[in-house]
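Student: Right, I'll just put the structure down here and ask away after.
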Amino acid sequence: MATLGNTKNTIEVLQKYNFNFQKKFGQNFLIDGNILDKIVDAAEITEEDCVLEIGPGIGTMTQYLAERARRVIAVEIDKNLIPILQDTLSSYNNVTVINEDILKVDINRIVEEQNGGRPIKVVANLPYYITTPIIMALFENHVALQSITIMVQKEVADRMQVGPGTKDYGALSLAVQYYAHPEIVVRVPASCFMPRPNVDSTVIRLTRYEKPPVEVEDEAYLFAVIRASFNQRRKTLVNGLTNAGNLGVSKEKIMEVLEQMGLPLTIRGETLTLEQFAELSNRLLEARG
Ligand code: SAM
């Protein structure tokens, strides 16, 4: 089977199998070899690595990964792609294709079964509708992983790496930055895909911290506080936290905690740093008793 990552061979495969793109699965296949090289380079794949690829499509990036990695596990939801993958990946004996929805499989079990629980590297040209849930699932479930190198919508990549005081700053920025160091790898124009998406894309690498940069008593509570703070962006932090109803602290206690932290009662959540959210969550937890 010929190498994918160019227009000619991609069209040949699609025609051979009479493949119809499914919009609901966010199917935009890469046809640019330079971008593929950049993704695999940025992921620093070596022959020691076990890679989890989410959404292999017709196997374009899978071929690039299989050339460099020890093992590749590719999870694809669309059953119509499975016979195509068997064909395009037939010359590799280090690839396992799993026909599942990545949001429904137990990724920890896959890592245990396929890599003895040792950390994997995640690489994906993600369908945009699952970007946030999949990243959150990988981090919150503490999947053993070293890094996530992913193609996402340009705006989402921006959200992952900005700090307080910008309109893009929110729960996703804080979650990503609690678990990992984000770095933009390359901007990718729509012309690098077939069919062309309506948005521009960016490859971002998230390198997992061995230990989060801030210490919290209770991670789940930190994220409950963060979500409450951004749920009602135009409200003050005090009102956002009070209205959430799941933090177990009264408005008076919240105001007391902000005062202890030297923060004005009119402050909005979007101006707080990760360090301040960590302190706020620890103090609220203590106030809750
Ligand atoms: N990796 C290929 C490439 O770069 O050319 C395809 C990328 S395409 C943007 C996204 C792929 O993810 C499609 O093959 C789609 O069928 C698959 N996909 C969509 N939702 C999925 C899910 N929930 N679980 C697993 N795969 C999914």
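Student: Plugging the Kirkwood radius over Cα pairs into Stokes-Einstein for region 219-288, at a temperature of 25 °C and a viscosity of 0.890 mPa s, what D comes out in µm²/s? Mind dumping the intermediate values first?
Tutor: Details: Rh = 11.5 Å.
Approximately 213 µm²/s, per Stokes-Einstein.
Student: Right, next: Would you mind checking the tilt of helix 131-140 against the longest principal axis of the Cα atoms of the chain, expressed as 0 to 90 degrees and rounded to 10?
Tutor: 70
Student: Evaluate the Debye formula for region 110-261 with equal point scatterers sitting on the alpha carbons, no solvent, and hand back log10 of I(q)/I(0) at q = 0.09, 0.17 Å⁻¹, in q order, two decimals.
Tutor: -0.36, -1.05
Student: Compute the distance from the alpha-carbon center of region 163-204 to that of region 34-51, in whole Å.
Tutor: Measuring centre to centre over Cα atoms gives 19 Å.
Student: Another one. Just the accessible area per residue of region 65-140, please: how many Å² with a 1.4 Å probe?
Tutor: Each residue of region 65-140 exposes 45 Å² on average to a 1.4 Å probe.
Student: Now, a different point. Highest GNM mean-square fluctuation, the chain, Cα pairs closer than 10 Å: which of Ser91, Ser229, Ser173?
Tutor: Ser91
Student: Let me ask something else about it. Using alpha-carbon pairs under 8 Å, 6+ residues apart, how would you state the relative contact order of the chain in percent? The partial results should precede the final answer.
Tutor: On the way: 497 pairs, mean separation 42.4, N = 289.
Worked out over the chain, it gives 15 percent.
Student: Treating the beta-carbon of each Lys and Arg as +1 and of each Asp and Glu as -1, no other charges, what is the dipole magnitude of region 219-288 about its Cα centre, to the nearest 20 debye? Each step should come with its number before you reach the end.
Tutor: On the way: 9 positive and 8 negative charges, 77 e Å.
Its charge dipole is roughly 360 debye.
Student: Can I ask one more? Tell me, what % of the accessible area of the chain is carbon and sulfur with a 1.4 angstrom probe? Each step should come with its number before you reach the end.
Tutor: Numbers: 6100 of 13490 Å².
Exposed carbon and sulfur together represent 45 percent of the surface.
Student: Could you list the residues of region 69-83 with an amide nitrogen less than 18 Å from a label point located 7 Å from the Cα of Asn18 in the Cα-to-C-beta direction?
Tutor: 79-83
Student: Considering the chain as a Gaussian network with a 10 Å cut-off on Cα pairs, which listed residue, Glu270, Glu279, Glu210, attains the greatest mean-square fluctuation?
Tutor: Maximum among the listed residues: Glu210.
Student: Accessible area per residue for region 205-272 in Å², computed with a 1.4 Å probe and the full protein assembly in place, what is it? Show your work: numbers first, answer last.
Tutor: Details: 3780 Å² over 68 residues.
With the other protein chains kept in place, region 205-272 gives 56 Å² per residue.
Student: Would you mind classifying region 1-88 by shape? Square roots of the alpha carbon gyration tensor eigenvalues, ordered a ≥ b ≥ c; an a/c under 1.5 is rounded, otherwise it is prolate if a/b is larger than b/c and oblate if not. Spell out each step's value before the answer.
Tutor: Values: a/c = 1.82, a/b = 1.51, b/c = 1.21.
Here region 1-88 falls in the prolate category.
Student: Two decimals, Cα atoms only, Kirkwood Rh: what is Rg/Rh over region 7-208?
Tutor: Across region 7-208, the Cα-based Rg/Rh ratio is 0.94.
Student: Which order do the peptides 114-126, 257-269 take when ranked by the mean count of other beta-carbon atoms within 10 Å per residue, highest first? Write down the numbers at each step before the final one.
Tutor: Values: 114-126: 19.7, 257-269: 15.0.
Going by the mean number of other Cβ atoms within 10 Å, highest first, we get 114-126, 257-269.
Student: A further question follows. Angle, helix 251-260 long axis vs. longest principal axis of the chain, Cα atoms, 0 to 90°, nearest 10?
Tutor: The helix 251-260 is inclined about 90 degrees to the chain.
Student: Mind grabbing the accessible area of Thr207 for me, 1.4 Å probe, Å², rounded to tens?
Tutor: About 40 Å², ignoring ligands and nucleic acids.
The values are calculated or read from the model by the stated rules, or taken from the named source; none is laboratory data. Quick caveat, the model's predicted, so the values are computed rather than measured. Using ideal geometry, Cβ is built from the backbone for each residue, glycine included, and neighbour counts are taken over all protein chains shown. Just the protein is used for accessible areas: all its heavy atoms, side chains included, with ligands, DNA and RNA removed. Shrake-Rupley method; radii C 1.70, N 1.55, O 1.52, S 1.80 Å.
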